[in-house]
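Structure record follows, encoded as structure tokens.
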Amino acid sequence: MRFDIPASPYFRPLSLVTVFNRRRSDLPAALRPPTGDGAFGERTLRGIPFSFGPAGDMNVLVLDSDTVRVNLPELTATYCIFVHAVADTPTDYLNEFADSAVDGNTIGGLVSEYSFQYTDGSSAVLPIIRRFATQQSRIGVGASPFAAVPARDDQVVRSISEDLAVTGFSTHGYFDGLVRHESGRDAAMRVAFPAEMLWIYALPNPHPDRLLAALELRPCDEISAVYAATLTTVSEHPLRAGTRRKVLLQLPTRGRLNAAGELDDVAIDLGVVISARAARKYDIRQWLGSEPFVKPQRSETSVVVEFAAHPVAKLFVADGDNPTLVYDPSGPGDDIELLPASDRPVRVRIIEMKTGAPAPVRLHFHGPAGEYLPPRGHQRKVNSALFEDSFADFTIDDHQFAYVDGDCIVDLPLGTVYVEIARGYETAPVRRAVTIDPNTKDLTFEVSKALKWREKGWVTADTHVHFLSPQTALLEGKAEGINVVNLLATQLGEMFSNVGDFDGRTTFGARDFGGDGEFLVRVGSENRMQVLGHISLLGYSGSIIHPLATGGPSESSIGDPLEVTMADWARRCLDQRGLVIMPHSPNPQLERAADIVLNLIDAIELMTQNPLASTWHETSEAFVDPYGIADWYRYLNLGYHLPIVGGSDKMAAAHLLGGMRTYTHLGEKEFTYDNWMSAIRSGNTFATIGPLASIRVAGVAPGSRVELPSSGGTLDIEWEVESVATPIAKVEVVVGGLVADQVNPGGVLNARGTLSLPVKSSTWVALRVRGSYHGRPDEVAAHTSAVEVLVGGSALFSDADASVILDQIGGALAYVDTLAPRVDPSQLRRLRATLEASIGRLNKDRLLRSGGRHHIELHRADHPHEH
């Protein structure tokens, strides 16, 4: 955000050429300048102009013996700003405990005296004290001076993902990208340690109304070096850090936003431009209306520039090759508007309407230009990339949120601000405009449940969450109305996540572990291999199931052998009283077929990372994958009566925890994690991105079986769908994978229906709900698990589906036989035996379910394998 702009006009550099007495190259080691220092001639530091000495000649003033006089023209000044340093000295505590030779923590010591000489013959002598007005050039962490600043500019940096998007490469570290800035001191520490730098000190003139005649610099107890000096008449301290201010700027004619939606060519002379982001435009009618989701439009003509600077600082933008002054505090231009500063701390409380208890929520505030106003402790710019912001923040495109526990402080501007409060799929969202005046100290908002499914015995879960800490997962779960968050340890190449959070015992939030028992977090694992697939192992006890990944990159490391099958992992999880889920159906596909045939899988997961994202391409997943649903139908058609669950696979701030969630019916059972796992296995579940759905077939719920005589019969079906935000576009009764009946409610928020369905052959029945936050009515928004219907005891069977499954198992065998990195032949035979067993089981199941009429074979010849 920095380009060449004029130095501030409020400063007058002094020439010290006549008093320089040393070359920098000749300085003793204790006074040597910072490595690579190139400050020669006319230079600007922190927007202040200085006149340094010439390279190769006398260019530094060493104060070691005599008083030096610098004559001045007759003028007034409020401050004289020096670039100087004192000689390095070892830090020594109590003459006994010595730090590093250049630690820099020594405090006190009269280094020198600088005096103002006035034309009336008077003078004012001021002490230059070590660690106050000056400091040595080499310091360790925490040894900064108290009244001087580094002779380096503070800088704002982009996150790594933004840097890659804008420039194609990144020049700074990952940590700096998260911190989003680098102070002058930190920049020096990045180059060398101990950090090397000179220091800028503003010597206050006690008589700014008197005409100056000279400066006198007298050495005292220590040797020091002076490099440059400047006079100023500004009244405010010239080095004091400014607080945040904001302006709304119209883009210049040739101004362009970069790939991160920011204006690069904007700078300020006596401060730092923190950000220059495209303004966000919210439709106020939609905001205050009943729209399910309102996001801003990114302006193409204006940016919100946020900066911290001296009160007389001037703001410039580049219009072509020329810096153009766009903001001068003495007279702002026509194309710029000073926005109210967000400097009024307001306590914001969100409470439950009935009880008055604090309500954890997802909270958003924005100001008049659409600028996000986060609570304290949260990012102003939420990064959406993996590993960048996993700290209780969330972003939907340009619409940002913070997760709070119901009580927080938000720094707000005076005037109108806009608030949004969200809390899951049963609580009505809140969107309002609020006026902040000088007397506003508190804001209180009430939230209330619009739907009562928890009271009917349903609990919610996200089966698939990564990278959060357990406590952050618990907070986000409470705020999103997720009763069970399954936080999964995993491996990605050489990176391991959440392994230290796994103990095979603790359910965070449970009463046994000090919680209220209503919101739980349990750490399990997602075990992964690149080709054979991924498997989620939930709630198991004892030791973590290793290896977390196998078979080589990208899931496990390069050079790792294929040590296990997913079936091995599943058996160990079941032996350790856990729940086995096939995640993000349908991919990866290969071994999932064998494991389902071997009856090692408890449920199949539908996954959506953020249903609120505007398009599928803007996050990894923005809607329910229809191929995942079709894959699940295939197993139902073969009689594998697996329930479905919903998970977000949350891995970044752009992914909504519980955006795709599982509803599971506990009924009258006590809500515990173990009871939740049992209820999943029972199968009365549905997965949803908003609408809540239930179905009963002949009086029984999903997960159950209805038996009819060989002549068939008629099934009485009743269903119900409710939603607080997602419009219900269509409700479909699905029988054997085909729509048997549908209702088109037309975008309402609740619907009910009944159906009498004649059935002549074995099948299954489930409810499918279509709807969207973005006006795409064909998207699947919710799906219940199935009720199995057997006619005359005849089990389900499909030749076509069985062939596809067999091909998948054949593909797994091909991989094991040919490409899988292996350790020894005996291990290969053991791995292969699992896959071969699934083929035998599939044939056995088919023979049993088809009355001996069907036998299936691999469609391809056996692959060669080692013995």
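A few notes on this one:
- Computed from point charges on the beta carbon alone (+1 for Lys and Arg, -1 for Asp and Glu), the dipole magnitude for the range 58-188 about its Cα centre is near 160 Debye.
- In whole angstrom, the range 315-433 maps to an equivalent ellipsoid with semi-axes of 34, 18, 12, each derived as √(5λ) from the alpha carbon gyration tensor and ordered largest first.
- For the range 730-767 and the range 629-677, distance of Cα centres in Å: 21
- Taking Lys and Arg as +1 and Asp and Glu as -1, the other residues whose beta-carbon sits under 15 Å from that of P340 total -2.
- Per residue solvent-accessible surface (Å²) - the range 70-163, probe of 1.4 Å: 40
- Taken about its Cα centre, the chain carries a charge dipole of roughly 1420 debye when the Cβ of each Lys and Arg holds +1 and the Cβ of each Asp and Glu holds -1.
- Selection from A225, F193, V179, by position along the positive dipole direction of the chain (Cβ): V179
- Mean accessible surface per residue for the range 350-457, computed with a 1.4 Å probe while every protein chain stays in place, in Å²: 38
- Dipole axis of the chain (+1 Lys, Arg; -1 Asp, Glu on Cβ), positive-most option in G559, V312, A202: G559
- With contributions of -39500 (n - 2.57) from each DSSP H run of at least four residues, the per-residue ellipticity at 222 nm computed over the chain stands at -4000 deg cm²/dmol.
- Inter-part distance where the range 479-547 and the range 416-437 are each reduced to a Cα centre, Å: 32
- Carbon plus sulfur fraction of accessible area for the chain, probe 1.4 Å, in percent: 50
- For the range 364-400 versus the range 145-199, the gap between their alpha-carbon centres in whole angstrom: 22
- The chain - share of DSSP beta bridges that are antiparallel (%, nearest 5): 85
- Per the Debye formula on identical point scatterers at the alpha carbon atoms of the range 626-712, with no solvent, log10 I(q)/I(0) at q = 0.11, 0.13, 0.16, 0.22 Å⁻¹ is -0.39, -0.54, -0.79, -1.26.
- Using alpha-carbon coordinates, inclination of helix 566-575 to the longest axis of the chain, degrees: 80
- Rg ratio for the chain: its Cα radius of gyration over 2.2 N^0.38 Å, N being its residue count, equals 1.20.
- The residues of the range 716-780 have, on average, 42 Å² of accessible surface per residue, using a 1.4 Å probe with all protein chains present.
- Put a plus charge on the Cβ of each Lys and Arg, a minus charge on the Cβ of each Asp and Glu, and nothing anywhere else: the dipole of the range 627-691 about its Cα centre is then about 140 debye.
- 10 Å beta-carbon shell around A187, net charge (K/R +1, D/E -1): -2
- When each of the peptides 222-234, 827-839, 289-301, 380-392 is scored by the mean number of other C-beta atoms lying within 10 Å of its residues, the order from highest to lowest reads 222-234, 380-392, 827-839, 289-301.
- Dipole of the chain, positive end: most advanced residue of S65, H783, V272 [Cβ charges, Cα centre]: H783
- Residues whose amide H comes within less than 5 Å of that of V346, counting only those at least five positions distant or on another chain, are V410, D411, L412 (H built at 1.01 Å from N in the peptide plane).
The values are calculated or read from the model by the stated rules, or taken from the named source; none is laboratory data. This is a predicted model, so every value here is computed, not measured. Note: ideal-geometry Cβ built from the backbone for every residue, glycine included; neighbour counts use all protein chains shown. These area figures cover heavy atoms from the full protein model, side chains too; ligands, DNA and RNA do not enter into them. Shrake-Rupley method; radii C 1.70, N 1.55, O 1.52, S 1.80 Å.
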